[in-house]
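Undergrad: Got a structure for you, questions after.
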Amino acid sequence: MPSVAIRNRALVVGNERIPLFAGELHYWRVNPARWPLILDRMHELGLNVVSTYIPWQYHETAPDQFDFTGESEPPRNLVGFLNLAQQKNFWVFIRPGPYIYAEWVNAGVPDRVALLPRISDEYRAAARTWMSAVTETLKPYFATNGGRITLFQPDNEMDLFSHWFEKPCGLDGAQAGFFQRFLRQIYNDIAELNAAWSTNYASFDEAQAFAERTNSFDPAANTRFKDYWRFQHWATAEGVRWHVDTYRELGVDLPMVANFYAGGDVQNWRELTPTVDMLGIDWYPKNEFGHDAARH
């Protein structure tokens, strides 16, 4: 079977260089009777790659039970959609989450999972069940197995969402959490932290973050502020790494893709780059979608 790789800034399947003229079709948002027509229209536009998310929250019919063939509801027929895309000679960029966003309920995860930070053990245990099930469904369609799936995105726009999870992140002042765990990794001991922050904490568990500069002329306050953002970057990089490693362990042998959004500062693309095969910015055109687009 052919290998799939990103080489010389191009997608290569076997020895064939694949141009990435891609369009998005969310099969689960469309009546399956219209899938053939839409794919034909995509071909007419000159597209050769179809991209889609796979929403965990939709395919899970009961806790840890999944429908990928449309038995419970026709738009859940992921298998049928992949068969059709293959018949129509599309390459496929697959995006199974767990988180997809996509204006879907809970950004794509079940209610019970939406309450868990993405770097928590509880989240990872639940997510692994989904990741295992969806990977087994997708494997026969991997280009490395003779299918048409060539690119794989684990999760989407990785973000700790620490403002939703202040308590487990250790940012609400009530208990230690992920932030304090991070500080233990970058400082040898509490004395080194106190020297850098000009504080007098007795232990890492007491340390609290500054999300804003309190005094831009104070080196210690600036270090404390920067450590908060270093924590955000560490958490998102750790989240991407775990998802990539877990999918690899489950048998995904395709190029991995990650993305980040500009302006939020919660992701550091330099820290994400070593983990994946391709990294891209998630940027939306402005003029085309603005309320005054007709003026441009």
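The values are calculated or read from the model by the stated rules, or taken from the named source; none is laboratory data. It should be emphasised that the depicted structure is a prediction, and the values quoted were computed from it without experimental measurement. Heads up, the Cβs are rebuilt from the backbone with ideal geometry, glycines too, and the neighbour counts pull from every protein chain shown. Protein only, heavy atoms only, side chains kept; ligands, DNA and RNA dropped before computing areas. Shrake-Rupley method; radii C 1.70, N 1.55, O 1.52, S 1.80 Å.
Undergrad: Cα centroid distance between region 79-139 and region 246-276, in Å?
TA: Answer, in whole Å: 15.
Undergrad: In vacuo Debye scattering of region 71-139, one point per C-alpha: log10 I(q)/I(0) at q = 0.16 Å⁻¹?
TA: The computed values of log10 I(q)/I(0) come out as -0.68.
Undergrad: Tell me, what does the Kirkwood hydrodynamic radius of region 1-160 come to in angstroms if you use every pair of distinct C-alpha atoms?
TA: Over region 1-160, the inverse of the mean reciprocal pair distance is 16.4 Å.
Undergrad: Hey, another quick one. What is the spread of the Cα atoms of the chain along each of their three principal axes, largest first, in whole Å?
TA: Principal axes ranked by extent give 66, 48, 42 Å for the Cα atoms.
Undergrad: Compute the helix-to-body angle for 35-44: its Cα long axis versus the longest principal axis of the chain, expressed 0 to 90° and rounded to tens.
TA: The helix 35-44 is inclined about 90 degrees to the chain.
Undergrad: What ranking, highest mean first, results for peptides 99-107, 200-208 when packing means the other Cβ atoms within 10 Å averaged over each residue?
TA: Put in order of decreasing packing, that is 99-107, 200-208.
Undergrad: Rounded, prolate or oblate: which one fits region 136-182, using the alpha carbon gyration tensor with axes a ≥ b ≥ c (rounded when a/c is under 1.5, else prolate when a/b beats b/c, else oblate)?
TA: Judged from the Cα gyration tensor, region 136-182 comes out prolate (a/c at least 1.5, a/b above b/c).
Undergrad: Arranged from highest to lowest average of other beta-carbon atoms within 10 Å per residue, in what order do the peptides 256-264, 67-75 appear?
TA: Going by the mean number of other Cβ atoms within 10 Å, highest first, we get 256-264, 67-75.
Undergrad: In addition: Decide, for region 1-81, between rounded, prolate and oblate: order the square roots of the alpha carbon gyration tensor eigenvalues as a ≥ b ≥ c, take rounded if a/c falls under 1.5, and otherwise choose prolate if a/b is larger than b/c, else oblate.
TA: Working: a/c = 2.88, a/b = 1.60, b/c = 1.80.
Oblate, since a/c reaches 1.5 and b/c is not below a/b.
Undergrad: Excluding PHE210 itself, calculate the net charge of residues whose Cβ lies under 11 Å from the Cβ of PHE210, where each Lys or Arg counts +1 and each Asp or Glu counts -1.
TA: Its environment carries a net charge of 0.
Undergrad: In whole angstrom, and with the biggest value first, how far do the Cα coordinates of region 174-295 range along each principal axis?
TA: Result for region 174-295: principal-axis Cα extents of 56, 48, 25 Å.
Undergrad: Can you give me the angle between helix 78-87 and the longest principal axis of the chain, using Cα atoms only, in degrees from 0 to 90, rounded to the nearest 10?
TA: Once rounded, one gets 50 degrees.
Undergrad: If one takes the longest principal axis of the Cα atoms in the chain, at what angle in degrees, from 0 to 90 and to the nearest 10, does the Cα axis of helix 219-249 lie?
TA: 30 degrees
Undergrad: Sticking with this structure for a sec: Taking the Cα centre of the chain as origin and charging only Cβ (+1 Lys, Arg; -1 Asp, Glu), how large is the dipole, in debye to the nearest 20?
TA: Details: 27 positive and 36 negative charges, 169 e Å.
Rounded to the nearest 20 debye, it is 820 debye.
Undergrad: Suppose all protein chains stay in the model; what accessible area per residue would a 1.4 Å probe give for region 33-162, in Å²?
TA: Value for region 33-162: 38 Å² per residue.
Undergrad: What three numbers, in Å, describe the spread of the alpha carbons of region 115-259 along their principal axes, ordered from the longest?
TA: Result for region 115-259: principal-axis Cα extents of 60, 27, 26 Å.
Undergrad: Would region 149-231 count as rounded, prolate or oblate if I go by the C-alpha gyration tensor, calling it rounded below 1.5 in a/c and otherwise prolate when a/b exceeds b/c, oblate otherwise?
TA: On the way: a/c = 2.10, a/b = 1.85, b/c = 1.13.
In terms of gyration-tensor shape, prolate.
Undergrad: Can you tell me the FRET efficiency between ARG34 and THR61 if r is taken as the Cβ-Cβ distance and R0 is 30 Å, rounded to the nearest 0.05?
TA: Approximately 0.80, to the nearest 0.05.
Undergrad: Using only the Cα atoms of region 163-211, each taken as one equal point scatterer with no solvent, compute I(q) by the Debye sum, divide by I(0), and report log10 of the ratio at q = 0.32 Å⁻¹.
TA: So the normalised log intensities are -1.27.
Undergrad: Here's another thing I want to ask about it. Tell me the Kirkwood radius of region 80-194: reciprocal of the mean inverse pair distance over distinct alpha-carbon atoms, in Å.
TA: 16.8 Å
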